1. Do we have any residue at all in the stretch A:290-300 that's without any contact (Cβ under 8 Å) to a residue 60 or more places away in the chain and surrounded by fewer than 17 Cβ atoms within 10 Å (Cβ to Cβ)?
2. When you go through A:Phe219, A:Phe269 one by one, which is the residue that is in contact (Cβ under 8 Å) with a residue 24 or more places away in the chain, crowded, with 24+ Cβ neighbours inside 10 Å, of a type outside the set (Gly, Ala, Ser) and more than 21 Å from A:Ser321 (Cα to Cα)?
3. Can you tell me how many residues within the stretch B:133-151 are in a loop (DSSP other than H, G, I, E, B), without any contact (Cβ under 8 Å) to a residue 60 or more places away in the chain and either within 19 Å of B:Pro197 (Cβ to Cβ) or touching a helix residue (DSSP H, G or I) at 6+ places or on another chain (Cβ under 8 Å) (or both)?
4. With the requirement that a residue be without any contact (Cβ under 8 Å) to a residue 12 or more places away in the chain and more than 14 Å from every other protein chain (Cβ to nearest Cβ), what does the stretch B:47-80 give you?
5. Given the conditions (1) modelled with pLDDT of 95 or more; (2) part of a helix (DSSP H, G or I); (3) within 14 Å of chain A (Cβ to nearest Cβ), report the number of the one that B:Met96 does not fulfil.
6. Of everything in the stretch B:178-210, what is assigned to a helix (DSSP H, G or I), farther than 24 Å from B:Val102 by Cα and not basic (Lys, Arg)? Give them in sequence order.
7. Out of everything in the stretch A:108-131 that is assigned to a loop (DSSP other than H, G, I, E, B) and under 19 Å from the mean Cα position of the chain (by Cα), what residue ends up being nearest to A:Leu191 (Cα to Cα)?
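The values are calculated or read from the model by the stated rules, or taken from the named source; none is laboratory data. As the structure is a prediction and not an experimental result, all values here were calculated from the model. Using ideal geometry, Cβ is built from the backbone for each residue, glycine included, and neighbour counts are taken over all protein chains shown.
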Amino acid sequence: MSERPFPLTFGLDTFGDLTSDNGRPSTHAQTIRDVVQQGVLAEQVGLDFFGVGEHHTDDFPMPAADVALAAIAARTSRIHVGSAVTVLSSDDPVRVFQRFSTLNAISNGRAEVVLGRGSSIESFPLFGYDLADYEELFEEKTDLFAEIMKGGPVSWSGRMRPALENQDIVPHLDAPLPVWIGVGGSPHSVLRAARHGFNLMLAIIGGQPARFAPFSQLFMQALAKLGKPRLPIGVHSPGHVAETDEQARDEFWPAYRDIIAKLGPSRGFPPPTFEFYEREVGPRGALYVGSPETVAVKIARNLPILNANRFDLKHGMPGMSQESLLRSIELFGTEAVPRAKELLATATSMPVG
Amino acid sequence: MVAEGEETKVAILGAGHVGRVIARLAADAGYRVDVATAHDPEEISLTLDVMAPGANARRPAEAVADANLVILAIPLHRFAALDPALLAGKVVIDMMNYWPEVNGTLAQFERGDIGSSERVAARLSSSRVVKTLNHLGYHQLDEEAAPAGDPGRRALGIAGDDPAALDLVRAFVDRIGFDPVLVGGLAAGRRLQPDGPVFGIPMRRADFERAMELIPA
């Protein structure tokens, strides 16, 4: 048995899911203000991290997540703020670094960046990228980002972006900027994270969480093989907390059903049935929907299996009311997380490494 | 064709989601399994060690040469780059899908009057092509595999025109954890495709046979 090598941390993620008010969809602008309010509340209820994921659609009007994060950073003092994820493939690594090093400056070292290939691909046509280059774009741009993160002048060349020669990239960091690679199922991405010494964030949005345990093993074995120290592993999964299991399930289901049915055809998801939903909400599924106790038990069961020390609840779904989201954040931060910590503390005899 | 009792050796082309899951199920079932991609085997060997212990990373030509069952677990858009000569004389499982909403359109598969596996078979004219493993997602295959006799065991439809090839594939499907159900010749495999009645839905044999209208509802 080994000690858990990193502190347990808990966060909330959002994709800027369109909120609603009194049954009516909010505007994009109101949704963005709602997200800022969610981030401020996340600090007040004791959470460690608030993440905003880049999206470009009417259901998720959040293309400039770093701007929203800066607003949250300006109104908070302790919570870390970061992406969930930054779609690096269709962005410029230099600009991503500049935006997040600026965020790190504004927040006094509370910024984190989670880089991903993006399971939603709407940014590709929007910015003129070819989906055929999906793999290569991410690979090259991650390599460049890693070069920039080393600090000092950057010399780099590749196929997907003009070369840089001895280029100073500002603003320089005066505090660490944790970098994670968000992985939805590609072992290549796991190995890439290990190679660059970036943390691993497992995006588990469907099916049995235990299925991802081999990804953690792969990450740790790859690090060991490279002679690198252990690095943090996080889990990002969707969910919703309410007073009772029944209330949480009822609040989450219609929004979940609608968005999966909408995205399904283009993403390869089957249309959801209630039976399917109940399985995902159950002990062996990927959704953390329920009372604080139910959600805490599920987190406490899965983190050791996944060798993870961080859990980020992706809260909300398009169409859910801001009121229910704020209540969920409060219950997650003040009840579910402390309870999960308690359960994990008594489970230290479980193997974690 | 393999003689009775001769060991089936499996070559899987593709190490993506489905390739890794099939590699693990086959290795767990005791098959000798080689996995090959277009890249250096070294690139996937650590991944296989962790995610499909027992499966070996090899180059395509080596993996296929030793195998009597080859599984195409590559995206369909990469199929055009595959040399049919590589697969000559082999029994080939086509688990690829033509699913334009997810993977984009491919002109040569666009006309829906014949199934994607029939087009694959037409190009692999020296191989015996069997369609199966395509109608469940990789995590369904991963999670639903169960020993023979398990009351919740899921069915996998099998379509093909060569009886000996069907026998080999039927035994393989059974041994990796699913109830093999023969749905007919390769043309009948159209009903296993993305718009068909069983795509993406794990079902027990009886439910599967009803959905496929192999038995009365």
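1. Yes, because at least one residue in the stretch A:290-300 is without any contact (Cβ under 8 Å) to a residue 60 or more places away in the chain and surrounded by fewer than 17 Cβ atoms within 10 Å (Cβ to Cβ).
2. Result: A:Phe219 is the single residue among A:Phe219, A:Phe269 that is in contact (Cβ under 8 Å) with a residue 24 or more places away in the chain, crowded, with 24+ Cβ neighbours inside 10 Å, of a type outside the set (Gly, Ala, Ser) and more than 21 Å from A:Ser321 (Cα to Cα).
3. The qualifying residues number 2.
4. B:Ala65
5. With respect to (1) modelled with pLDDT of 95 or more; (2) part of a helix (DSSP H, G or I); (3) within 14 Å of chain A (Cβ to nearest Cβ), B:Met96 is out only on (2).
6. B:Ala206, B:Asp207, B:Phe208, B:Glu209
7. A:Arg117
Conditions (1) within 14 Å of chain B (Cβ to nearest Cβ); (2) at pLDDT below 95; (3) in contact with a Pro (Cβ under 9 Å, 6 or more places away or on another chain), marked per residue:
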site	(1), (2), (3)
A:Pro171	no, no, no
A:Ala210	yes, yes, no
A:Lys225	yes, yes, no
A:Arg230	no, no, yes
A:Tyr256	no, no, yes
